[in-house]
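Below is one structure, written out as structure tokens; the observations come after it.
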Amino acid sequence: MADQENVTLRIPERFYRDHADRDLPSGRIVSETSKGLVVELDPEAFKDLLSDAQFYVDMGVGAFGPEFLGLISSARATIKALEEAS
């Protein structure tokens with residue numbers, strides 16, 4: 001992703017909602033589909049969402065506990081979607 005361009009992509013809903021609920025840079029939701037959310041991210045929101053998702057994946061269930069497995073899986077899928085868009 002170019003540092004000065006917005007990007008629109010489909011990402012998993014679960015991790016995105018968690019990220020946005022913590023008042024972190026999240027861009028905006030363009031639409032909701034049965035397969036996730038379509039969001040528009042500016043460069044800051046893109047980098048912040050990627051960094052946050054990577055943190056959850058890196059820390060893993062060992063740090064957060066088994067109740068976070070779904071959120072961590074969603075974070076992993078979010079990273080994949082962001083990397084494919086870049």
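The values are calculated or read from the model by the stated rules, or taken from the named source; none is laboratory data. All figures in this text were calculated on a predicted structure; none of them were measured in a lab. Backbone-built Cβ (ideal geometry, glycine too); neighbour counts: all protein chains shown.
General observations
- Hits in region 46-86 - residues which are more than 17 Å from Gly27 (Cβ to Cβ), hydroxyl-bearing (Ser, Thr, Tyr) and in contact with a helix residue (DSSP H, G or I) (Cβ under 7 Å, 6 or more places away or on another chain): Tyr56
- Complete set of residues in region 31-67 that are part of a strand (DSSP E or B) and surrounded by 13 or more Cβ atoms within 10 Å (Cβ to Cβ): Gly36, Leu37, Val38, Val39, Glu40, Leu41
- Given (1) at pLDDT 95 or above; (2) of a type in the set (Lys, Arg); (3) exposed (fewer than 15 other Cβ atoms within 10 Å of the Cβ); (4) touching a strand residue (DSSP E or B) at 6+ places or on another chain (Cβ under 8 Å), index of the condition Arg22 fails: (4)
- When Leu50, Leu37 are checked against the criterion of being under 13 Å from Ala77 (Cα atoms), of a type outside the set (Lys, Arg) and under 9 Å from the mean Cα position of the chain (by Cα), Leu50 stands alone in meeting it.
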